[in-house]
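Everything below concerns the one structure shown next.
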Amino acid sequence: MGLSNKFKDLESYSEVLSDGYQLLPFAFHKISPDKYIATNIVGEYLTVSRDTLKLLVNGTLLPSHPIYNDAKSKHFIMDRDSDTALDLLALKYRTKQHPISEFTGLHIFVVSLRCDYTCKYCQVSRKMEDVDKFDMSEETARKAVALAFESPSKSIKIEFQGGEPLLNFPIIKFIVSESLTLNIKENRVLQFVITSNLTFLSEEVLAFCKLHNIYISTSLDGPESIHNKNRPRPNKDGYQKTIDGIRAVQSELGKDRIAALMTTTSESLSNLEGIVDEYVQNDLHAIFLRPLSPYGFAIKTKQVEKYNVDKWSNFFKQGLEYIIKLNRAGYFLREQYTSIILTKILTPTDPKYVDLQSPSGIGISAVVYNYDGDVYASDEARMLKEMGDEKFKLGNVHTDDYIELFSSDILLDTLEESIAESAPMCSDCGLITYCGSDPVYHYATQGDVVGKKPLSFYCKKNTSIIEHIFELLEDPGSRKVLESWVL
Amino acid sequence: MGFIHMNDVIITDRSPFELELSLEVYSLETCKKACYALMEFVSCKISTSSDKLLIEVHPTPDCTKGEEELKALLFDELLDYSLRETIAEKTDSIRTLILSNAFSKSKLVDS
Ligand code: SF4
């Protein structure tokens, strides 16, 4: 029996509508004792007091009430004038759910685990000399590219990661060439990204990137002292090499062809403005204020425990305040995580960010082909493997075909459990439409893919960021800046 | 219950306490959800007898909140979750109608 047989049709609501309004499904979240955010399944929101919320729910909100029309136009209620409300709501909901049917768009190729750095928070890197053991072979690469093109997604983004991927540049060239050949027939929107520390950025690499319109992503943790402390290189010249690399990419490929990411360690917390200034000085226009991931060496070296969620949230909020101030003074700088959430709040589209999706984006939005052909459901899943846990390994390109990999029990079971709408606490949460689920994170930190959200860093982090964004949206000056960050 | 001051160090008294609620006011489901949401601070043993709900509240070892603050938090959560329950009851069938409309062109729904 399909869904259509299980409910009453629109006629049955006419009695309610002739004398008041019909409540439409929504959830709410308390921001402060008298300030609530009500959100619905299509991501519309209302800011209301507790009393107004009670009136709304109890069916006693009068048409003369200041939020009545807003509640109606944003599909929280429908009355006798709302003849197309349900169709519109259904259409918007379907549009919002559409990305799921697109399936995997981001394909991460770990072409080498070798790296010239010895970063204390890194999960995966291996020694420089182990060429044969930790580099991807042509045979593995060919099979992985073929799998990537089996994804039904209209857009395919291939991201090269490591270790340091440029240590295996020949295989990057091979994968690009294989993909372009396959794409003559496939005609997908094809994009390439190299995530690199830029040490091995030669003229040959730059020319190749220019020819194939390849985007570069790098890491810049802040000023020289922090960057070199977080990301040590034997010659202590990591910062300078990164800056030289950023400048070379900017002048050869264009300023819009490079973005940098930073990772927050305990050293970063007291150096906020210096970190952001570093981005401005280097003419970078996007920054991603990321907390430390709980995987691998980051746990072993006790880096994760050094700062807690409150400290990190304060850091994030102060960072945002400073970044907004810079924007208002005329320097465009977008904070990426905020941009993703803002896009969910202010538009009907979903940017498909792996960690902010329900069901989770693992396998659906992103998949990882490791150097040895193992396939993982997400980048974090392969990091977990480096800690000795293969829970989220989907299979291997040499032994499994597309169907076996993407209908594996581990992927399907995890996806099912990652539907936040059925997870305790998330199912009632007013922020769910902007949040998501992160099964690998919850498995790594709590031993359970669903996770106890009241104790989860992920939940607390998202709650505090989303609440803060709503606060900022109320201030016209900040709102203007935030609106310019929408993706 | 409350705070005990010892040589200027504040130690929170973490003795368990009980709350008795009417099942006519709060459902068992609402009560469970409210307690779950506060698991960072308390673990609760919930039982029912005829028209009553009994919650035995045990502050967690790291909890720094006193009994009154915990009670206030619990009542806030209870009120919010019962309001959510009302929304769910009032919108249950229309939610199904919306989902059905949304996917009516897919093979998920019988025509
Ligand atoms: S993780 Fe937390 S903030 Fe996100 S939907 Fe679940 S309860 Fe809400």
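The values are calculated or read from the model by the stated rules, or taken from the named source; none is laboratory data. Bear in mind the structure is a predicted one, so any value in this text is a computation, not a measurement. With ideal geometry, Cβ positions are generated from the backbone for all residues, glycine too; neighbour counts draw on all protein chains shown. Protein only, heavy atoms only, side chains kept; ligands, DNA and RNA dropped before computing areas. Shrake-Rupley method; radii C 1.70, N 1.55, O 1.52, S 1.80 Å.
What's the extension gain from residue A:49 to residue A:448 if we count 0.36 nm per residue and subtract their Cα-Cα distance?
Length difference between fully extended and current span is 140.1 nm.
Would you tally the net charge around residue A:181, using a Cβ to Cβ cut-off of less than 14 Å, leaving residue A:181 out, and scoring K and R as +1, D and E as -1?
Working: positive: A:142, A:173, A:185, A:188; negative: A:138, A:178, A:186.
Summing Lys/Arg as +1 and Asp/Glu as -1 gives +1.
Take the Cα gyration tensor of segment A:23-97, multiply each eigenvalue by 5, square-root it, and list the three semi-axes largest first, rounded to whole angstrom.
In descending order, the three semi-axes are 21, 16, 8 Å.
When the accessible area of chain A is computed with all protein chains present and a 1.4 Å probe, what percentage of it is carbon and sulfur? Present the calculation step by step, with values, prior to reporting the outcome.
Working: 10410 of 20290 Å².
It is 51 percent, rounded to a whole number.
How far apart, in nm, are the 7 Å Cα→Cβ label points at residue B:88 and residue A:180?
Distance between label points: 5.6 nm.
Place the peptides A:362-371, A:163-172, A:227-236 in order of packing, highest mean first, counting for every residue the other Cβ atoms within 10 Å and averaging per peptide.
Those peptides, ordered most packed to least, come out A:362-371, A:163-172, A:227-236.
For every other residue with a beta carbon closer than 11 angstrom to the beta carbon of residue A:201, add +1 if it is Lys or Arg and -1 if Asp or Glu, then tell me the sum.
On the way: positive: A:241, A:247; negative: A:164, A:203, A:204, A:244, A:252.
Within the 11 Å Cβ shell, the charges total -3.
Taking Cα atoms, how many degrees apart are the long axis of helix A:457-473 and the longest axis of chain A, rounded to 10 and kept between 0 and 90?
60
At a Cα cut-off below 18 Å, give the aspartates and glutamates reachable from residue A:185, other chains included and same-chain residues fewer than 8 away excluded.
Excluding near neighbours in sequence, the set is A:150.
List every residue whose amide H lies under 5 Å from the amide H of residue A:395, counting only residues 5 or more places away in sequence or on a different chain, with H placed 1.01 Å from N in the peptide plane.
Distant-sequence amide H within range of residue A:395: A:375.
Suppose every K and R has +1 on its Cβ and every D and E has -1 on its Cβ; what is the size of the dipole of chain A about the Cα centre, in Debye to the nearest 20?
Charge dipole of chain A: 860 debye, to the nearest 20.
Taking segment A:348-487, how many lysine pairs are there with alpha carbons less than 29 Å apart, if each pair must be eight or more places apart or span two chains?
26
When averaged across all projection directions, what area in nm² does the alpha-carbon convex hull of segment A:419-474 cover?
3.6
Measuring from a point 7 Å past the Cα of residue A:217 along Cα-to-C-beta, which residues in segment A:350-364 have an amide N at less than 12 Å?
What the label zone holds, given the 12 Å backbone N cut-off, is A:353-355.
What net charge is computed for the residues neighbouring residue B:42, neighbours being all others with C-beta under 15 Å from the C-beta of residue B:42, Lys and Arg scored +1, Asp and Glu -1? Kindly include the intermediate steps, with their values, before the conclusion.
Details: positive: A:452, B:14, B:32, B:33, B:45, B:65, B:71; negative: B:13, B:18, B:40, B:56, B:62, B:67, B:68, B:69, B:76, B:77.
It works out to a net charge of -3.
Find how much the distance from residue A:65 to residue A:91 grows on full extension, using 0.36 nm per residue of separation minus their present alpha carbon separation; answer in nm with one decimal.
Values: separation 26, 0.36 × 26 = 9.36 nm, distance 2.78 nm.
Gain in length upon complete extension: 6.6 nm.
Under the rule of -39500 (n - 2.57) per DSSP H run of 4 or more residues, summed and divided by the residues of the protein assembly as shown, what mean residue ellipticity at 222 nm is obtained, to the nearest 500 deg cm²/dmol?
Computed ellipticity for the protein assembly as shown at 222 nm equals -12500 deg cm²/dmol.
Could you state the angle between the C-alpha long axis of helix A:309-328 and the longest principal axis of the C-alpha atoms of chain A, as a value from 0 to 90 degrees rounded to the nearest 10?
90
When N counts the residues of chain A, how does its alpha-carbon radius of gyration compare numerically with 2.2 N^0.38 Å, as a ratio? Don't skip to the end; give the middle numbers.
Details: Rg = 23.9 Å, N = 487, 2.2 N^0.38 = 23.1 Å.
After normalising by residue count via 2.2 N^0.38 Å, the value is 1.04.
For residue A:261, enumerate residues with amide H under 5 Å from its amide H, sequence gap 5+ or separate chain, H modeled in the peptide plane.
Under 5 Å from the amide H of residue A:261: A:218, A:219, A:220.
Taking H as built 1.01 Å from N, whose amide H comes closer than 5 Å to the amide H of residue A:334, not counting residues under 5 places away?
A:286, A:287
Roughly how many nanometres apart are two label points built 7 Å out from the Cα toward the Cβ at residue A:236 and residue A:427?
According to this spin-label approximation, the distance is 5.7 nm.
Check cross-link reach from residue A:210 to the aspartates and glutamates: straight Cα distance under 17 Å, and skip same-chain residues fewer than eight apart.
Filter leaves A:159, A:252, A:256.
Can you give me the distance in nm between label points at residue A:391 and residue A:266, each placed 7 Å from the Cα along the Cα-to-Cβ direction?
In this crude label model, residue A:391 to residue A:266 measures out at 2.6 nm.
Quick one: how many Å² of residue A:457 are accessible to a 1.4 Å probe, rounded to 10?
50
Hey, what's segment A:340-390 come to in accessible area per residue, 1.4 Å probe, Å²?
Accessible surface, normalised per residue, equals 24 Å².
By what distance, in whole Å, do the Cα atoms of segment B:3-90 stretch along each of the three principal axes, largest value first?
If we take the Cα atoms of segment B:3-90, the spans are 54, 26, 16 Å.
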